[in-house]
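Input: a single structure, listed below in structure tokens.
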Amino acid sequence: MRILGIETSCDETAVAVVENGVTVRSSIIASSKATFEALAGVIPEQAARAQVECMIPVLHQAVQEAKLTLFDIDAIAVTKGPGLLGSLLVGTVTARMLQSITGKPLIGVHHTLGHLSSTWLEVTDEPQFPLLTLSASGGHTDLWYRESHLRGILAGRTRDDAAGEAFDKGASMLGLPYPGGPEIAKEAVGGNPLAFAFPLPLRGEETLDYSFSGLKTSLRYTIRDAGYDLDTPIPASVRKDLAASYQHALCAHLVDRISYALEGFPDTQEVHVVGGVSANTELRAMLALVLEKKSPSLILRAPKKLAYCTDNAAMIAAAGYFLWLEQHEKAYEAFATQASLPLAETLMQISLRTRGE
């Protein structure tokens, strides 16, 4: 089954064609992120305007690379939320237009479900449930226990800031550009991750939640106590150690809660990390060591390509396929009424809270 996916929840304009939720026939992404680097964040109106300009060219390129026509597509999947309202409208209006032209089914996909599906892209051995999935980006940090694509529970989530946001703010304090995650990772190379001590949030507490606000505050005080003013450049050698230590602290918190979750879900077969933060090699290495100690049989998975860690349309197409398999229309009716689909129901509740409803 060939699904055309559209993703426009933030500053990316992405279109992809994915077959049977696994085989990526094309995946095109146009991003206005470079425009916002100097501003240390995305301006919603400008992002939406850029998406209006990019949508049709990106759509044409994705279909051409897939060596198909729009009428060869079996269904259309589009991100329905959460995200920036103007950006989401660009994608959903385009999807509805395509549905009207082609008569193909339209599948609305929650953005987080897209990330949860990204570890299926281009795999040769299908992941096995039940599994734990850490989904961490600039907008959310969630820990899921999943028994299938649509069955599972939200075991933990951040109480304040998202992990990606903590990377961004930390990079700003260190005088590094936006986005912060990749910049801190680059700056940390050659630095000492134990040079500066940071706390391990929620250590010893019986919770699977996360909290990153304290780590950001700790970085600010560490810079101050080291004798540097935030308005003056930090020496390169010191900044490397600060970046390495801060990155290590953020990753240690993420890994610590996963380790604790494995005690409560002993039947877990695999651990997945998805979202923009999953591209961090320090996080993957630390988690691999912990899983090896816990049980050598545990499988660690992250998206096959770094492009599938950040926002992309291939993951939306994959999620659309899995939704379709579980009878899309009936599943969405059940979301609001059946406790048997807590993962899907929780995603809806999160989306409503994000929109302020």
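The values are calculated or read from the model by the stated rules, or taken from the named source; none is laboratory data. Predicted model, so just to flag it, every value in this text is computed and none were measured. Here the Cβ positions follow ideal geometry from the backbone for every residue, glycine too, while neighbour counts run over all protein chains shown.
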Notebook entry, point to check: If we scan region 177-192, do we find a residue that is of a type in the set (Ser, Thr, Tyr) and over 16 Å from SER137 (Cα atoms)?
Noted result: no
Checklist line | Scan of region 85-107 for residues that are small (Gly, Ala, Ser) and crowded, with 18+ Cβ neighbours inside 10 Å, ordered by number | finding: SER87, GLY91, ALA95
Item checked: Subset tally (residues that are of a type in the set (Phe, Trp, Tyr) and surrounded by fewer than 23 Cβ atoms within 10 Å (Cβ to Cβ)) for region 108-142 -> 1
Notebook entry, point to check: Pick from LEU323, LEU291: which is part of a helix (DSSP H, G or I) and either outside the structural domain of LEU143 (by TED's automatic domain parsing) or under 30 Å from GLN61 (Cβ atoms) (or both)?
Noted result: LEU323
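Yes/no per residue for (1) within 21 Å of ALA317 (Cβ to Cβ); (2) in a loop (DSSP other than H, G, I, E, B); (3) touching a residue at least 40 places away in the same chain (Cβ under 8 Å):
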site	(1), (2), (3)
GLY114	yes, no, yes
SER118	yes, no, yes
THR124	yes, yes, no
PRO127	yes, yes, yes
GLY139	yes, yes, yes
ALA155	no, no, yes
ASP161	no, yes, yes
GLY164	no, no, yes
PHE167	no, no, yes
Note to self: Anything in region 22-58 that is outside any strand (DSSP E or B), touching a Leu at 6+ places or on another chain (Cβ under 8 Å) and modelled with pLDDT of 85 or more? List them, or say none.
What the structure shows: VAL22, ALA48
Checklist line | Of all residues in region 176-187 being in contact with a Phe, Trp or Tyr (Cβ under 8 Å, 6 or more places away or on another chain) and of a type outside the set (Val, Ile, Thr), the one that is surrounded by the most Cβ atoms within 10 Å (Cβ to Cβ) | finding: GLY181
Next item on the list: Please find, within region 169-209, the residue that is nearest to ASP229 (Cα to Cα) out of those that are assigned to a loop (DSSP other than H, G, I, E, B) and of a type in the set (Val, Ile, Thr).
Entry: VAL189
